[in-house]
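Attaching a single structure in structure tokens format; questions to follow.
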Amino acid sequence: MKYLIVNADDYGLAASVSAGIRQAHLQGIVTSTTVMMNMPDTEPALRLAAELCPNLGLGVHLNLTAGTPLLPPSQLPGLLRLGDGGRFPREPALRAAAAHLPINEVAAEWRGQIERFIHLTGSAPDHLDSNHNSSYVTYPLFQAMLALATDYGCAIRLPFGAGRPERQSDRAPRPGAASVLPADFPAGFSPQARARQMGVAAPDWFVDDFYGDQATLALLTDVLDTLPDGVTEVMCHPAVADDALPQISSYNSGRVAELALLTHPLMVEKIQANGIVRLTFAQMQALAR
């Protein structure tokens, strides 16, 4: 069987992003989203999701690279030293110092983000992934995310190289994509096997190239026409247009373009024609059991 999770990252980042994700779910093919728990729109976005989108899967977009942490700065001295002392560091600074990050601080902040999700929704997230793929940059970061997934009984995103078979393309991988295991991962280490060993569910395949110039109708229809058996996650970033979006995210017009494609009538037709079953991460876990 062919199963598909279409997960929209960055829910709560801004009202325009949250609205675009809800629209892509209600009028398109998005089945799931991951929430940024430290953003101004987080609380109203979660209220609207509960009211308007009861079937939308909700996870936590673990964050170390945007905004301010939920924990007091005094509890995160090593992490915030990479930024301005009060805000998270930018992605390049985090990656440059990744090998020396204080994992205890990272795990505590991530746990705080998950706990806030539970406080606001009344339930644990159905999966974890991370902003700018920060939880996959080093082996200790990946292990910290796996431990949290075990503690809270949720699934994870697995973006590594055992993902969906590559389509023929001359395009270079998107910057920041976690398609290759970082150098500090143990020799012969399999993230998929480790997740299974810890009882953590994850999709079989992962598509991260629906982004920027590669977010096209041709690519999305090709993904649906060539979907392999098993569970595939497609990552996306839709939003509705507004004047504030360019001030919030450098990826702005691309989000609006993604929304148009994710709600294109051809997408639902392709899913039906190819016998694809749409899932949330929670439904994937139920299938695995």
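Just the accessible area per residue of segment 11-155, please: how many Å² with a 1.4 Å probe? Kindly include the intermediate steps, with their values, before the conclusion.
Working: 5360 Å² over 145 residues.
Heavy-atom SASA per residue in segment 11-155 reads 37 Å².
From largest accessible area down, sort ASP229, ASP242, ASP129; use a 1.4 Å probe on the protein chains.
Result of the area sort, largest leading: ASP229, ASP242, ASP129.
Could I ask something else about it? Enter the accessible area of ILE103 (Å², nearest 10), with the probe set to 1.4 Å and all protein chains included.
Solvent-accessible area, nearest 10 Å²: 50 Å².
Could the peptides 62-68, 276-282, 80-86 be put in order, highest first, of the mean number of other beta-carbon atoms found within 10 Å of their residues?
62-68, 276-282, 80-86
Now for a different question. With every protein chain present, what accessible area does SER250 have (1.4 Å probe, heavy atoms only), rounded to the nearest 10 Å²?
120
From the P(r) of segment 91-147, could you give the percentage of C-alpha pairs in the tail past 15 Å?
It works out to 49 percent of all Cα pairs.
Bin width 10 Å, origin at 0, all Cα-Cα pairs of segment 38-147: what percent of pairs per bin?
Final binned percentages: 14, 47, 29, 10, 0.
Treating each Cα of segment 183-266 as an identical point scatterer and ignoring solvent, apply the Debye formula and state log10 I(q)/I(0) at q = 0.12, 0.16, 0.23, 0.26 Å⁻¹.
-0.53, -0.78, -1.05, -1.20
So, one more: Evaluate E = 1/(1 + (r/R0)^6) for HIS119 and ASP229, where r is the Cβ-Cβ distance and R0 equals 45 Å; express this FRET efficiency to the nearest 0.05. It would help to have the intermediate numbers written out before the result.
Numbers: r = 39 Å, r/R0 = 0.86.
After rounding to 0.05, the efficiency reads 0.70.
Please compute the Cα-Cα pair-distance distribution of segment 48-111 with 10 Å bins starting at 0, giving whole percents from short to long.
21, 46, 17, 16, 1
Note down the magnitude of the dipole of the chain about its Cα centre, charges +1 on Lys and Arg C-beta and -1 on Asp and Glu C-beta and zero elsewhere, to the nearest 20 debye.
420
Could you sort HIS264, HIS237 by their accessible area in this structure, using a 1.4 Å probe and putting the largest first?
Heavy-atom accessible area, descending, gives HIS264, HIS237.
Percent of accessible area on the chain owned by carbon and sulfur, 1.4 Å probe?
Values: 6480 of 12320 Å².
In the chain, the share of accessible area belonging to carbon and sulfur is 53 percent.
Just how many % of Cα pairs in segment 1-91 lie over 15 Å apart, if you round to the nearest whole percent?
The calculated P(r) of segment 1-91 puts 61 percent of pairs beyond 15 Å.
Quick one: order THR150, THR221 from most to least accessible surface, probe 1.4 Å.
Values: THR150 65, THR221 25 Å².
In descending accessible area the options line up as THR150, THR221.
Can you send over the solvent-accessible area of HIS25, 1.4 Å probe, protein chains only, in Å² to the nearest 10?
Estimated to the nearest 10 Å², HIS25 gives 40 Å².
In the chain, which whole DSSP H runs stretch at least 18 Å along their own axis (Cα) and average -1.0 or higher on the Kyte-Doolittle scale?
Helices meeting the criterion: 103-121, 139-152.
Something else: May I ask you to derive the relative contact order of the chain, considering only C-alpha pairs under 8 Å and at least 6 residues apart, and to give it as an integer percent?
Worked out over the chain, it gives 26 percent.
Using just the Cα positions, wrap segment 218-263 in a convex hull and report its mean projected area in square nanometres, one decimal place.
3.8
With no solvent and one equal point scatterer per Cα, compute the Debye intensity ratio I(q)/I(0) for the chain at 0.08, 0.10, 0.14 Å⁻¹ and report its log10, rounded to two decimals.
Values, matching the q order: -0.31, -0.49, -1.02.
The values are calculated or read from the model by the stated rules, or taken from the named source; none is laboratory data. Just so we're clear, the structure is a prediction, and the values are computed from it rather than from any experiment. Neighbour counts are summed over all protein chains in view; Cβ atoms, including those assigned to glycine, are modelled from backbone coordinates with ideal geometry. Just the protein is used for accessible areas: all its heavy atoms, side chains included, with ligands, DNA and RNA removed. Shrake-Rupley method; radii C 1.70, N 1.55, O 1.52, S 1.80 Å.
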